[in-house]
Amino acid sequence: MPNPNLFSIVAADAKAAVDAITGGLRWFASEARLAIGWIDKELPGAQTALAALFQVADAAAGALEAHASSGLADVVAGAVEEAGGTVANLISASGLDLTAKAVLTAADVAAVTAAQSIAHSAISVATARLLGQAAQAAMKTSEPAPAS
């Protein structure tokens, strides 16, 4: 009978969480497995965090595929390429050189996750600003000219 100590229960739960997340991936299954295998096995939670990032990326890929199939394929392709460069620049600015890493540490995973979050937030803020500026310009053009 297996020893039900706390460490083995936590390890089994973490493995089950990673398996559930990576098992649901359609687009990035092989990439997710490779990336998760690249994380230092001694770091609790890091594999689950990276698996969650791939889960979000998979959902985003499905949404982008829908946009691309509605006639926006060129826009989607350009946006993905540009976003990749932006995130790479953010990761590089954090001091993390992914190409020089034999394994990823929890801090490395945190840096990648932060870069993704910054890029996502920056796009949301930029979109909101653009809409706000457009609305302001539209309101100015629809105001009646002052009487002379």
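Considering only region 46-148, give the helices (runs of 4 or more DSSP H) lying wholly within it that have at least 2 residues that are of a type in the set (Asp, Glu).
On the way: elements: 46-67, 73-93, 106-142.
So the answer is 46-67, 73-93.
Let me confirm something: among Leu130, Leu90, which residue is modelled with pLDDT of 90 or more, among the hydrophobic types (A, V, I, L, M, F, W, C) and surrounded by fewer than 13 Cβ atoms within 10 Å (Cβ to Cβ)?
On the way: Leu90 fails: surrounded by fewer than 13 Cβ atoms within 10 Å (Cβ to Cβ).
On inspection, the qualifying residue turns out to be Leu130.
Report, ordered by the first and then the second residue, all pairs with beta carbons closer than 7 Å, sequence separation of six or more or different chains, a first member in region 119-143 that is within 30 Å of Ser92 (Cα to Cα), and a second member that is in a helix (DSSP H, G or I).
As it stands, the answer is Ala119/Ala83; Ala119/Thr86; Ala119/Val87; Ala119/Leu90, since those pairs meet every condition given.
What tally of residues in region 57-86 results from selecting those that are among the hydrophobic types (A, V, I, L, M, F, W, C) and exposed (fewer than 13 other Cβ atoms within 10 Å of the Cβ)? Don't jump to the end; show me each part of the working.
First pass over region 57-86, keeping only residues among the hydrophobic types (A, V, I, L, M, F, W, C): 57, 59-61, 63-64, 66, 68, 72-73, 75-77, 79-80, 83.
Filter once more, so that each one left must be exposed (fewer than 13 other Cβ atoms within 10 Å of the Cβ): 63, 66, 75, 77.
The qualifying residues number 4.
Quick one: what pairs do we get from region 77-92, first residue among the β-branched types (Val, Ile, Thr), second loosely packed, with under 14 Cβ neighbours inside 10 Å, C-beta under 7 Å, 6+ apart or different chains?
Close Cβ pairs satisfying both conditions: Ile91/Leu98.
Do the conditions hold for Thr105, that is, is it without any contact (Cβ under 8 Å) to a residue 60 or more places away in the chain, polar (S, T, N, Q) and out of contact with any Cys (no Cβ under 7 Å at 6 or more places or on another chain)? Steps first, please.
On the way: without any contact (Cβ under 8 Å) to a residue 60 or more places away in the chain: no; polar (S, T, N, Q): yes; out of contact with any Cys (no Cβ under 7 Å at 6 or more places or on another chain): yes.
So Thr105 does not fit the description; no.
Filter region 12-45 down to residues that are in contact with a Gly (Cβ under 9 Å, 6 or more places away or on another chain) and either assigned to a loop (DSSP other than H, G, I, E, B) or at pLDDT 75 or above (or both) and give me whichever is nearest to Lys101 (Cα to Cα).
Applying the first criterion (in contact with a Gly (Cβ under 9 Å, 6 or more places away or on another chain)) to region 12-45 yields 14, 26-27, 29.
Narrowing further to those that are either assigned to a loop (DSSP other than H, G, I, E, B) or at pLDDT 75 or above (or both): 26-27, 29.
Details: Arg26: 27, Trp27: 24, Ala29: 21 Å.
Here the answer is Ala29.
Kindly evaluate Ile9 against the criterion of being more than 21 Å from Thr113 (Cβ to Cβ), of a type in the set (Val, Ile, Thr) and modelled with pLDDT under 85. Steps first, answer last, please.
Values: more than 21 Å from Thr113 (Cβ to Cβ): yes; of a type in the set (Val, Ile, Thr): yes; modelled with pLDDT under 85: yes.
For Ile9, the condition - more than 21 Å from Thr113 (Cβ to Cβ), of a type in the set (Val, Ile, Thr) and modelled with pLDDT under 85 - is met.
The values are calculated or read from the model by the stated rules, or taken from the named source; none is laboratory data. On a predicted model such as this, the values are computed, not experimentally measured, just so you know. For neighbour counting, all protein chains shown are included, and Cβ atoms are generated from backbone atoms with ideal geometry for every residue, glycine included.
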